[in-house]
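Notes follow once the structure below has been shown.
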2 protein chains.
Amino acid sequence: VAHEAGNLNDLRAILGNDVAMKAYREGKLPFPDGTIIARLAWEYVSSEENNKVFGRAQSFVAGSPTNDQFMVKDSKKYAATGGWGFAQFKDGKPDDEAAHKTRFSCHEPAKAHDFVFTRYAP
Amino acid sequence: VAHEAGNLNDLRAILGNDVAMKAYREGKLPFPDGTIIARLAWEYVSSEENNKVFGRAQSFVAGSPTNDQFMVKDSKKYAATGGWGFAQFKDGKPDDEAAHKTRFSCHEPAKAHDFVFTRYAP
């Protein structure tokens, strides 16, 4: 779970399949083949309904979905990009191949953590 | 997924079992018996690691867990509190019975929505 402010200004949920969660819990790096990590995001919206209850503007909830991103680990198939395949969907439709090729460079700053930004929060 | 600012200042994830999710998707109210809704929360923490990548302070992630809350629907067992049983856990330990009895009044402002604040975000 995270809030990305700035230009993105979204609320996001990060999910992992069983392989991903096992590696996270054991603190194992790099993530093994078969890892799938999903990032869902929604607009960061102030909830007037909840704020009325609290008597002040403090409640921010998920609005319309923005886009969904996936990372899939296959060290052979995606050898050129750290073993990760990247995908982004908007309104259920995937971005084109050219857009997907740009994702790896976005994740390079997280190289020390196998190109994954999200850390485990128990 | 939500960010509750103010005194709470947390990031939260709201989960539902199959019964809850079916009712949410169908927009069905009141929630049927067997519904379980869970609310997990963590401290709202600025991520220095991510901010360095973005070049500005925009990334907020889940820190230490604060507490977890549950609502369980059983219209007979919990008839006195709108059909809902409430529970809160901190560090894996439940609050005492007296504390649990105060929860229903917190949820009364959401009466028009069967005492549940969280709305469905597809």
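The values are calculated or read from the model by the stated rules, or taken from the named source; none is laboratory data. No experiment lies behind these values; they were computed from the predicted model shown. Don't worry about glycine lacking a Cβ; one is built from the backbone with ideal geometry, like all the others, and counts go over all protein chains shown. Keep in mind that these areas ignore ligands, DNA and RNA; they rest on the heavy atoms of the full protein, side chains included. Shrake-Rupley method; radii C 1.70, N 1.55, O 1.52, S 1.80 Å.
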Peptide A:59-66 - average C-beta neighbours from other chains (10 Å radius): 5
FRET efficiency, B:Cys106 to A:Ala112 (Cβ-Cβ, R0 45 Å, nearest 0.05): 0.55
For B:111-117, mean number of other protein chain Cβ atoms within 10 Å: 1
Shielding by other protein chains, B:2-12, mean Cβ within 10 Å: 6
Electrostatic dipole magnitude of the protein assembly as shown [Cβ: Lys, Arg +1; Asp, Glu -1; Cα centre; debye, to 20]: 180 debye
Cβ charges +1 (Lys, Arg) and -1 (Asp, Glu), total dipole of region B:41-106, debye: 300 debye
Cβ-vector label at 7 Å, B:Gly6, separations to other copies in nm: 3.0
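With a 1.4 Å probe and all protein chains left in place, how much of the accessible area of chain B comes from carbon and sulfur atoms, in whole percent?
So the carbon and sulfur contribution to the accessible surface is 55 percent.
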A/B buried area, accessible surface, summed, 1.4 Å probe, Å²: 2300 Å²
Gap separating the Cα centres of region A:1-49 and region A:68-109, nearest whole Å: 15 Å
Within chain B: Cβ-based charge dipole about Cα centre, in debye rounded to nearest 20 (Lys, Arg +1; Asp, Glu -1): 360 debye
Residue among B:Lys52, B:Lys22, B:Lys93 with the largest mean-square fluctuation in a Gaussian network model of chain B, springs linking Cα atoms under 10 Å: B:Lys52
Proximal lysines to A:Lys111, defined as alpha-carbon separation beneath 25 angstrom and excluding residues fewer than eight positions away on the same chain: A:Lys22, A:Lys28, A:Lys73, A:Lys76, A:Lys77, A:Lys101, B:Lys52
Copy-to-copy label separations for B:Gly34, where each label sits 7 Å from Cα toward Cβ, in nm and ascending: 3.2
Chain A shape via C-alpha gyration tensor axes, a/c threshold 1.5: prolate
At 7 Å out from Cα toward Cβ: A:Asn67 inter-copy label distances (nm, ascending): 4.0
